[in-house]
Amino acid sequence: MQPQQKRGCELGYNLRMTTKSRYEELKAQINFHNYRYHVLDAPVISDLEFDKLLNELKRIEADHPDWVTPDSPTQRAGAKPADRFEKVRHPAPILSLANAFGAEDARAWYERIRKIDDRVEKAKFVVEPKIDGLSVVLHYRDGVFVQGATRGDGEVGEDITSNLRTVRAIPLRIPVEGRKSKVEVPKYLVVRGEAFIPTKEFEALNRQLEEAGEKTYQNPRNTAAGALRQLDPKLTASRPITLLVYQIIHSEGGKVPTSQWEILEYLKTLGFPVTDVSKRFNNLEDAIAYIEPWDKKRDELPYEADGMVIKIDDLTLAAELGFVGKDPRGAIAFKFPAREVTTRLNDIGVAVGRTGVLTPYAVLEPVEIGGVIVERATLHNFDYIAEKDIRVGDRVLVKRAGEVIPYVIGPVVDARSGKEKKYKPPQTCPACGQPVEHFEGEVAWYCVNAACPAQLVRNVEHFVSRGAMDIVGMGIKIVEKLIETGKVRDVADIYTLTRADILEAVTKKDRKTDKEPPGKIADNLLASIETSKSRSLARLITALGIRGVGEVSAGDLAAHYGNLDALSKAGVDDLQQIEGIGPNIAEGIVDWFSRPFNQKVLKKLKAAGVWPQAQKTEGRRQEGAFTGLTFVITGTLPTWSREEAKAFIESHGGKVTDSVSKKTGYLVLGENPGSKFEKAKALGVKIIGEEELRKLAE
């Protein structure tokens, strides 16, 4: 053999050994993660990461079928059951499904089975939600529920009959008494369903646990699985578990339908809970068209779902198509992009907001969530980090729902190596180095240095915004350039800007068209700055960005004090006499006016002629249908801006405040609400929409 040929053979041999080593490593990893997920109910990686490992294993086995051994994860549906429960052998295999990650994968599946049996071309398809819960198998003899089990390894499960009896959605006798339809029940019937905790009930459960000072749960799936797979049925009964049934595993006696769509109808007739999201289609393309929009609107479902399942409606045809390994060919799981994944928390950074609030964020090992590469996620606040015991170096569970900013749900404690480091909040501002402050009763930590460079851009942006001084044309890019060149060192410097200063800051992006001359932009902006000098006192107070003072509080302060001279001399006790001004807001106001930097800004504003006096009508509310009622607005309303909704409420005698309390009469809810929504629910405040608000006024 020539030396070159020998080297080529050695290279091929080494590559083969490398692949074989990877294959053995993958088998070990997947078996471990199967055990964590199915036996311990404590996974340390996400479904997406598990699917990637399994797909890699399948690719290697496709290239090297002689390597496949009985211990390969592809040769079984799950992991071994736990030893603490009695074993239950299923009358037929409880199988998992192959995955399709998009329409093209689904079409490729269709082409594969069409080549096996041409009847597929005329087949109908049933689409069902792929609920993220725990698979359970229910046994009925002579119509009576006699046994319930987990899926286990697909062949043998765990007997959890006592726990399942506490789930009220499970009929103890079929058909359920009172059903109008008379149907023959098989002497022995075994059905499969998915047990889960509905999303709203899960959120309510966590709120109750939080209020009681107990540990909260990370997700509904693990909570339901953990409750069903423990030894005390009383604990199971205390959890809001329900289920949906979708398959007949085995039957003896009686006539059972041979169509999946008819099976769902049959199960419903017997009294089993069945999803109302399922639909039947004449062809695959219609099924795909129905599935794809659910990725964006899956939050409309009352449960967590990570995809939809496509099944051939003709169960005889589906059975005759056979299997690929342990996966039936007659159905496939159309998976949505993952919204929850695990990754490494490399560090914790701190951002400084406009009002000086310090907000921690997670610096992550890059990971794909829902088709987007995520490197950072919010950690909410420092209390959240402490409560969840999130440590630098942890493997953490990260969620991104829809367009919401990704956030860290919590650490995967079982994945810790002991090298993780506990986190301590900073004592100084990361932007300016000044000491930070924490006010009793508040979650937030603050940098109270008004000259902090991290706050200046946002301060100016807020000052010129529509709800404040409404200086049209001063966009964020112009603001950043003016600050960068030193023309603006505080908000009062806006009123000393020259035409030349603005021309220097204007870029091509600021022009509406390439033909628009920079001089016109500068002239319009100068005119808008001049116009803003006549804004109301309430607008100016809002623009100053005092911690805790929103538009409503600013209006009340303007009505009470009349001008900034009087407001700047007010004490904490005096301020608290105003409705809606509590001790923390009062202290924040006094603190703001006491700072030399802010006093300097006020002098400059006064010298520039920006020193309005309150009008007699400012802050007053009319009498009307809402007299005596307090409202809070959160989220984006369908047709009104927040200012329009506020004006509507006040025109009917109501009051609008910035924060939810026990005194709040109604929360007016729009899309993408913030924390006010959760607080309102916790306090039992009535929640209404824009249309209900209109009707209430009538």
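Scan the stretch 408-443 residue by residue and report those that are assigned to a loop (DSSP other than H, G, I, E, B), within 16 Å of G356 (Cα to Cα) and of a type outside the set (S, T, N, Q).
Narrowing the stretch 408-443 to residues assigned to a loop (DSSP other than H, G, I, E, B): 412, 416-420, 422-427, 429-434, 439-443.
Next cut, within 16 Å of G356 (Cα to Cα) only: 425-427, 429-434, 439, 442-443.
Scanning the stretch 408-443 gives P425, P426, C429, P430, A431, C432, G433, F439, E442, V443.
Yes or no: P257 out of contact with any Leu (no Cβ under 6 Å at 6 or more places or on another chain), assigned to a loop (DSSP other than H, G, I, E, B) and not acidic (D, E)?
Numbers: out of contact with any Leu (no Cβ under 6 Å at 6 or more places or on another chain): yes; assigned to a loop (DSSP other than H, G, I, E, B): yes; not acidic (D, E): yes.
Judged against the criteria, P257 is a match.
Just a yes or no: is a residue in the stretch 12-21 surrounded by fewer than 12 Cβ atoms within 10 Å (Cβ to Cβ), at pLDDT 85 or above and not assigned by TED's automatic domain parsing to the domain that holds L97? Lay out the reasoning, then the answer.
So the first thing to find is which residues in the stretch 12-21 are surrounded by fewer than 12 Cβ atoms within 10 Å (Cβ to Cβ), and the list is 12-18, 21.
So of that shortlist, the ones also at pLDDT 85 or above come out as 21.
Then drop every residue that is not not assigned by TED's automatic domain parsing to the domain that holds L97, which leaves 21.
Among the residues of the stretch 12-21, at least one is surrounded by fewer than 12 Cβ atoms within 10 Å (Cβ to Cβ), at pLDDT 85 or above and not assigned by TED's automatic domain parsing to the domain that holds L97, which makes the answer yes.
Those residues that are among the aliphatic types (A, V, I, L, M), assigned to a strand (DSSP E or B) and over 18 Å from G152 (Cβ atoms), I need them from the stretch 187-203; list them, please. Before you say what the answer is, go through the steps one by one.
As a first pass, look at the stretch 187-203 and keep what is among the aliphatic types (A, V, I, L, M): 189-191, 195, 197.
Then keep just the ones that are assigned to a strand (DSSP E or B); that gives 189-191, 195.
L189, the sole residue that qualifies.
Which one of these is surrounded by fewer than 17 Cβ atoms within 10 Å (Cβ to Cβ), in contact (Cβ under 8 Å) with a residue 12 or more places away in the chain and under 25 Å from T355 (Cα atoms): S553, S568, S536?
Working: S553 fails: surrounded by fewer than 17 Cβ atoms within 10 Å (Cβ to Cβ); S536 fails: surrounded by fewer than 17 Cβ atoms within 10 Å (Cβ to Cβ).
Being surrounded by fewer than 17 Cβ atoms within 10 Å (Cβ to Cβ), in contact (Cβ under 8 Å) with a residue 12 or more places away in the chain and under 25 Å from T355 (Cα atoms) holds for just one of S553, S568, S536, which is S568.
Tell me, please, whether a residue that is surrounded by 18 or more Cβ atoms within 10 Å (Cβ to Cβ), touching a strand residue (DSSP E or B) at 6+ places or on another chain (Cβ under 8 Å), in contact (Cβ under 8 Å) with a residue 24 or more places away in the chain and outside any strand (DSSP E or B) can be found in the stretch 346-364.
Yes - at least one qualifying residue is present in the stretch 346-364.
Please report, ordered by residue number, the strands (runs of 3 or more DSSP E) entirely within the stretch 579-691 with at least 2 residues that are surrounded by 13 or more Cβ atoms within 10 Å (Cβ to Cβ), modelled with pLDDT of 80 or more and not hydrophobic (A, V, I, L, M, F, W, C). So that I can check it myself, show each step before the final result.
Details: elements: 630-634, 666-669, 686-688.
Hits in the stretch 579-691: 630-634.
Report whether or not I581 is outside the structural domain of E691 (by TED's automatic domain parsing) and of a type in the set (A, V, I, L, M, F, W, C).
On the way: outside the structural domain of E691 (by TED's automatic domain parsing): yes; of a type in the set (A, V, I, L, M, F, W, C): yes.
Here the answer is yes, as I581 does meet what is asked.
Specify which of the listed residues (V144, V191, V167) is among the β-branched types (V, I, T) and at pLDDT 90 or above. Explain how you work it out, then say what you get.
Working: V144 fails: at pLDDT 90 or above; V167 fails: at pLDDT 90 or above.
After applying the criteria, what remains is V191.
Hey, among the residues in the stretch 84-103 that are of a type in the set (A, V, I, L, M, F, W, C) and within 13 Å of G152 (Cβ to Cβ), which one's farthest from the chain's Cα centre (by Cα)?
To start, the set of residues in the stretch 84-103 that are of a type in the set (A, V, I, L, M, F, W, C) comprises 85, 88, 92, 94-95, 97-98, 100-101, 103.
If we keep only those that are within 13 Å of G152 (Cβ to Cβ) as well, we get 85, 88, 94-95.
On the way: F85: 35, V88: 37, I94: 31, L95: 30 Å.
The residue in question is V88.
If the Cβ limit is 6 Å and pairs must be 6+ apart or interchain, which residue in the stretch 42-54 that is surrounded by fewer than 20 Cβ atoms within 10 Å (Cβ to Cβ) pairs with which residue that is assigned to a loop (DSSP other than H, G, I, E, B) and of a type in the set (V, I, T)?
Listed pairs, sorted by first residue: V44/V412.
Enumerate the pairs (first residue in the stretch 581-604 and among the small types (G, A, S); second residue anywhere and assigned to a helix (DSSP H, G or I)) with beta-carbon separation below 6 Å, excluding pairs fewer than 6 apart on the same chain, so at least 6 apart or on different chains.
A586/V572; A586/L575
Given the criteria in the same structural domain as G152 (by TED's automatic domain parsing) and closer than 28 Å to D142 by Cα, does A237 qualify? Spell out how you get there, then give the answer.
Numbers: in the same structural domain as G152 (by TED's automatic domain parsing): yes; closer than 28 Å to D142 by Cα: yes.
It is true that A237 is in the same structural domain as G152 (by TED's automatic domain parsing) and closer than 28 Å to D142 by Cα.
The values are calculated or read from the model by the stated rules, or taken from the named source; none is laboratory data. In this text, all values refer to a predicted model and were calculated from it rather than measured experimentally. Quick reminder, even Gly has a Cβ in these numbers, built from the backbone with ideal geometry, and neighbours come from all protein chains shown.
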